[in-house]
Amino acid sequence: MRDETRTRGWFLRDPRCRKWIVQCAACGLFGRKPEAPASVPKYRFEEMFPILKLDELGVCQHCREPSSASADE
Ligand SMILES: [Zn+2]
């Protein structure tokens, strides 16, 4: 029997994990901050939340298209 309680919500409810979890404002992808310590006391935390680097707008690299058509500056 697999323990299915270790869902994303299970991590998000724990403040020790929550403070390292980030979410892309565009696509909603979850990940962990690059500076998150390897010692987060949560089973499979690093597996569930790969390192996700967000820019100053909170957008991940996949969503930050260099050739974005919205030249709205
Ligand atoms: Zn994204």
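So the values come out like this:
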{"read-out": "All lysines inside 19 Å of LYS42 as judged from Cα atoms, apart from same-chain residues fewer than 8 positions distant", "value": "LYS19, LYS33"}
{"read-out": "Gained length - ALA26 relative to ARG8, 0.36 nm times residue gap less alpha-carbon distance", "value": "4.6 nm"}
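Bear in mind these aren't lab numbers, they're just calculated from the coordinates by the rules spelled out. All values derive from a computational prediction rather than experimental measurement.
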